[in-house]
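The values are calculated or read from the model by the stated rules, or taken from the named source; none is laboratory data. Owing to the predicted nature of the structure, the values given are computational and were not obtained by experimental measurement. Cβ: placed from backbone, ideal geometry, glycine included. Neighbour counts: every protein chain shown. Protein only, heavy atoms only, side chains kept; ligands, DNA and RNA dropped before computing areas. Shrake-Rupley method; radii C 1.70, N 1.55, O 1.52, S 1.80 Å.
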Amino acid sequence: MPGAHALVLGGGLAGMLAASALSAHVDRVTVLDRDRFADDGDRKGVPHARHAHVLMAGGSRALDELLPGLTASLLDAGAQHLGLPNRLLVFTQAGWLPRLDEAQFVIGCSRALLDAVVRQRVLGRVDLVEATDVVGLLGDHARVTGARLRDRATGVERAVDADFVVDATGRGARTDSWLTALGLPPVREERVDSGMVYATCLYRVPPGAGEGFPGISIQGDPRSSPCSRGGALVPIEDRRWIVSLGGGRGGEPEISPEGFRAFARGLRHPAIADFIDAAEPLTRPFGFHGTVNRRRRYERLSPWPSGFVVLGDAACTFNPVYGHGMTVVARQAVALRDGLARHGARGAAAERLQREFARVTDDAWALAVSQDLRYPATIGPARGRLTRLRERYLDRLVLASTGRPTVTRAQLDAYTLSSPLWKLMLSPRVVLGALRGPGRPPTTDAPLTEDEWRVLARVEHPR
């Protein structure tokens, strides 16, 4: 698109990745955001930034495809490569996954580090306008031609024309009202709300814990608990652990040091509590409530205006406990780049892109809502017979993964969004492995080495 101008609404991770994808296809990209950016620290516009974040293997590969060497840059800055299931140890509803050689991985780091590294790679190719609110879209029901902006300091409004507009304004997006103001019909919205509340605390890694010291994930069990309660301890940069504990409606964690430790001790396994008892807390616990799964079905809106797409949290938010949000955004940015290369940005290209973004979202959405709906306190659609039958199969799959490596690896492939979810349901090897079961009783002892146990046992932090 020679001479074209693209406008990206929102300068978070989704916006910066979208700007990177656009920069190969237009002459000028402008990113605008309501915040002012700093080289470090968490942005007000990302209210969940201080809690545990992981980048799944599928997202890491997408970032490297879009911004070559990005994962290496993160690791150079202190991010942690956590192999699955050898370094991030997972206690499923059926027991611990075996500590096999690495099958997949996640990247552990603070959200501030990830955003800063991405921003450094992208800003040299785009223009950034800070402290600016989006108050509406320009155009009509057939085509979006720009946006109306308001300077946060002066209150002055202005119109900015663009040949292509990407909405990446995040969880608080007002996209649906902007589109109805242009004459489009209301968009259908789906919501599944488990009432999840998070509490998070940062810790200093105890002395003696080497570079490969593991992280822990303890998952809830919908078969034995009316509310989802679990947690994750994730090694991040600067020799720190970020520990996020969560509980659904009726089982929320307390936001106090004593309550935080008691909640960790009351999880289905005490491993996280054992770890933090050996570590020095660097912060008081802090909370987060915005965990509703919400999906706005823009791909089904007809007609769809040309020159406009919506991605990231502006279109779909997930319960953060499943850790898929950043990976979905990275894969959508790759889809944006590839879609523009195939179709350009004229005519029906935006409608095709919006449908592709939805396809990228489908697996993560299915994983999140199918699990949340199993808890009786969750607010959402009723589960039918077919859903309950599928749940029984997936329970069998989880059980088999505790002792059958073929199933373990297939489940990790799906969980890290490295392979399609349908393979868990249709692959003959996986189905046969699920039917055969684990082959031995699942272990309830955390799969730590003797050296790792010694680190936890010998360090005592005074309360």
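Can you tell me how many residues in the range 400-410 are of a type outside the set (S, T, N, Q), in contact with a helix residue (DSSP H, G or I) (Cβ under 8 Å, 6 or more places away or on another chain), open to solvent by 10 Å² or more (accessible area, probe 1.4 Å) and in a helix (DSSP H, G or I)?
Residues in the range 400-410 being of a type outside the set (S, T, N, Q), in contact with a helix residue (DSSP H, G or I) (Cβ under 8 Å, 6 or more places away or on another chain), open to solvent by 10 Å² or more (accessible area, probe 1.4 Å) and in a helix (DSSP H, G or I): 1 in total.
Specify which of the listed residues (Ala382, Ala377) is touching a residue at least 60 places away in the same chain (Cβ under 8 Å), among the small types (Gly, Ala, Ser), more than 21 Å from Leu301 (Cα to Cα) and in a loop (DSSP other than H, G, I, E, B). Step through it out loud before you land on a result.
Numbers: Ala382 fails: touching a residue at least 60 places away in the same chain (Cβ under 8 Å).
Just one listed residue meets the conditions, Ala377.
One residue is enough: does the range 51-60 have a residue meeting the conditions in contact with an Asp or Glu (Cβ under 8 Å, 6 or more places away or on another chain) and not small (Gly, Ala, Ser)? Talk me through it step by step, then tell me what you get.
Filtering the range 51-60 for residues in contact with an Asp or Glu (Cβ under 8 Å, 6 or more places away or on another chain) gives none.
Within the range 51-60 (the criterion being in contact with an Asp or Glu (Cβ under 8 Å, 6 or more places away or on another chain) and not small (Gly, Ala, Ser)), the answer is no, since none of the residues qualifies.
Using the structure shown, decide if Gly251 is among the small types (Gly, Ala, Ser), outside any loop (DSSP other than H, G, I, E, B) and more than 30 Å from Asp161 (Cα to Cα).
Numbers: among the small types (Gly, Ala, Ser): yes; outside any loop (DSSP other than H, G, I, E, B): no; more than 30 Å from Asp161 (Cα to Cα): yes.
It is false that Gly251 is among the small types (Gly, Ala, Ser), outside any loop (DSSP other than H, G, I, E, B) and more than 30 Å from Asp161 (Cα to Cα).
For residues that are of a type in the set (Val, Ile, Thr), more than 19 Å from the chain's Cα centre (by Cα) and open to solvent by less than 10 Å² (accessible area, probe 1.4 Å), tally how many sit in the range 220-262.
Residues of the range 220-262 that are of a type in the set (Val, Ile, Thr), as a first pass: 234, 236, 242-243, 255.
Narrowing the set further to residues that are more than 19 Å from the chain's Cα centre (by Cα) leaves 255.
Now restrict to residues that are open to solvent by less than 10 Å² (accessible area, probe 1.4 Å): none.
So the answer is 0.
Name the residue that is nearest to Gln411 (Cα to Cα), counting only residues in the range 317-333 that are open to solvent by 10 Å² or more (accessible area, probe 1.4 Å) and in contact with a strand residue (DSSP E or B) (Cβ under 6 Å, 6 or more places away or on another chain).
Gly323
Among the residues of the range 24-69 satisfying the criterion of being touching a Phe, Trp or Tyr at 6+ places or on another chain (Cβ under 9 Å), at pLDDT below 90 and within 20 Å of Leu9 (Cα to Cα), which is most open to solvent (accessible area, probe 1.4 Å)?
It comes out as Pro47.
Determine, yes or no, whether Val187 is assigned to a loop (DSSP other than H, G, I, E, B) and of a type in the set (A, V, I, L, M, F, W, C). If you could, list the steps in order and put the result at the bottom.
On the way: assigned to a loop (DSSP other than H, G, I, E, B): yes; of a type in the set (A, V, I, L, M, F, W, C): yes.
Yes; evaluated as a whole, the condition is true for this residue.
Scan the range 58-102 for residues that are within 17 Å of Leu17 (Cα to Cα) and touching a residue at least 40 places away in the same chain (Cβ under 8 Å) and report the count.
So the answer is 12.
Of all residues in the range 422-440 being without any contact (Cβ under 8 Å) to a residue 24 or more places away in the chain and of a type outside the set (Ser, Thr, Tyr), which is least open to solvent (accessible area, probe 1.4 Å)?
Here is the first cut: in the range 422-440, the ones without any contact (Cβ under 8 Å) to a residue 24 or more places away in the chain are 422-423, 426-429, 431-432.
Now drop any that are not of a type outside the set (Ser, Thr, Tyr), which leaves 422-423, 426, 428-429, 431-432.
Details: Trp422: 138, Lys423: 90, Leu426: 120, Pro428: 104, Arg429: 169, Val431: 40, Leu432: 96 Å².
By that ranking, first place goes to Val431.
Which one of these is at negative phi and touching a Lys or Arg at 6+ places or on another chain (Cβ under 9 Å): Leu113, Leu89, Leu74? Quick ask: steps written out before the conclusion?
On the way: Leu113 fails: touching a Lys or Arg at 6+ places or on another chain (Cβ under 9 Å); Leu74 fails: touching a Lys or Arg at 6+ places or on another chain (Cβ under 9 Å).
Unique residue meeting the criteria: Leu89.
Could you check the range 147-162 and list, in sequence order, the residues that are crowded, with 20+ Cβ neighbours inside 10 Å and part of a loop (DSSP other than H, G, I, E, B)?
The one that is crowded, with 20+ Cβ neighbours inside 10 Å and part of a loop (DSSP other than H, G, I, E, B): Ala162.
For the range 203-219, give me each residue that is open to solvent by 10 Å² or more (accessible area, probe 1.4 Å) and part of a loop (DSSP other than H, G, I, E, B).
Val205, Pro207, Gly208, Gly210, Glu211, Gly212, Phe213, Gln219, listed by residue number.
What's the number of the only condition in (1) of a type in the set (Asp, Glu); (2) free of Cβ contacts under 8 Å to residues at least 60 places away in the same chain; (3) more than 19 Å from Glu65 (Cα to Cα) that Asp338 fails to meet?
(3)
Which residue pairs have Cβ atoms closer than 8 Å, lie 6 or more positions apart in sequence or on different chains, and pair a first residue in the range 310-321 that is within 16 Å of Gly11 (Cα to Cα) and outside any loop (DSSP other than H, G, I, E, B) with a second residue that is among the acidic types (Asp, Glu) and open to solvent by less than 10 Å² (accessible area, probe 1.4 Å)?
Val310/Asp167; Ala314/Asp167
Show the residue pairs meeting these rules: Cβ distance below 7 Å; 6+ apart or different chains; first residue within the range 264-284 and more than 20 Å from Gly230 (Cβ to Cβ) and β-branched (Val, Ile, Thr); second residue crowded, with 18+ Cβ neighbours inside 10 Å and modelled with pLDDT of 95 or more.
Final answer for the pair search is Thr283/Cys201; Thr283/Leu202.
Against the conditions (1) within 30 Å of the chain's Cα centre (by Cα); (2) open to solvent by 50 Å² or more (accessible area, probe 1.4 Å); (3) of a type in the set (Ser, Thr, Tyr), where does Thr175 fall short? Just the number, please.
Evaluating Thr175 over (1) within 30 Å of the chain's Cα centre (by Cα); (2) open to solvent by 50 Å² or more (accessible area, probe 1.4 Å); (3) of a type in the set (Ser, Thr, Tyr) leaves (2) as the failure.
Between Leu74, Leu97, which is closer than 30 Å to Pro438 by Cα and surrounded by 20 or more Cβ atoms within 10 Å (Cβ to Cβ)?
On the way: Leu74 fails: closer than 30 Å to Pro438 by Cα.
Only one candidate qualifies: Leu97.
Considering only residues of the range 94-146 that are under 22 Å from Val309 (Cβ atoms), in a strand (DSSP E or B) and among the aliphatic types (A, V, I, L, M), which is farthest from the chain's Cα centre (by Cα)?
For the range 94-146, the residue satisfying everything is Leu138.
Here is a list: Asp445, Asp451. Which entry is farther than 20 Å from Val321 by Cβ, over 26 Å from the mean Cα position of the chain (by Cα) and assigned to a helix (DSSP H, G or I)? Spell out how you get there, then give the answer.
Numbers: Asp445 fails: assigned to a helix (DSSP H, G or I).
So the residue among Asp445, Asp451 that is farther than 20 Å from Val321 by Cβ, over 26 Å from the mean Cα position of the chain (by Cα) and assigned to a helix (DSSP H, G or I) is Asp451.
Which of the residues spanning the range 274-294 are crowded, with 20+ Cβ neighbours inside 10 Å and either assigned to a helix (DSSP H, G or I) or within 24 Å of the chain's Cα centre (by Cα) (or both)?
Phe275, Ile276, Pro285, Thr291, Asn293
Is it fair to say Val166 is touching a helix residue (DSSP H, G or I) at 6+ places or on another chain (Cβ under 8 Å) and assigned to a strand (DSSP E or B)? Reasoning before the result, please.
Values: touching a helix residue (DSSP H, G or I) at 6+ places or on another chain (Cβ under 8 Å): yes; assigned to a strand (DSSP E or B): yes.
It is true that Val166 is touching a helix residue (DSSP H, G or I) at 6+ places or on another chain (Cβ under 8 Å) and assigned to a strand (DSSP E or B).
What do you reckon, is Asp413 closer than 24 Å to Thr92 by Cα, of a type in the set (D, E, K, R) and open to solvent by less than 40 Å² (accessible area, probe 1.4 Å)? It would help to see each step written out before you state the result.
On the way: closer than 24 Å to Thr92 by Cα: yes; of a type in the set (D, E, K, R): yes; open to solvent by less than 40 Å² (accessible area, probe 1.4 Å): no.
So Asp413 fails the test.
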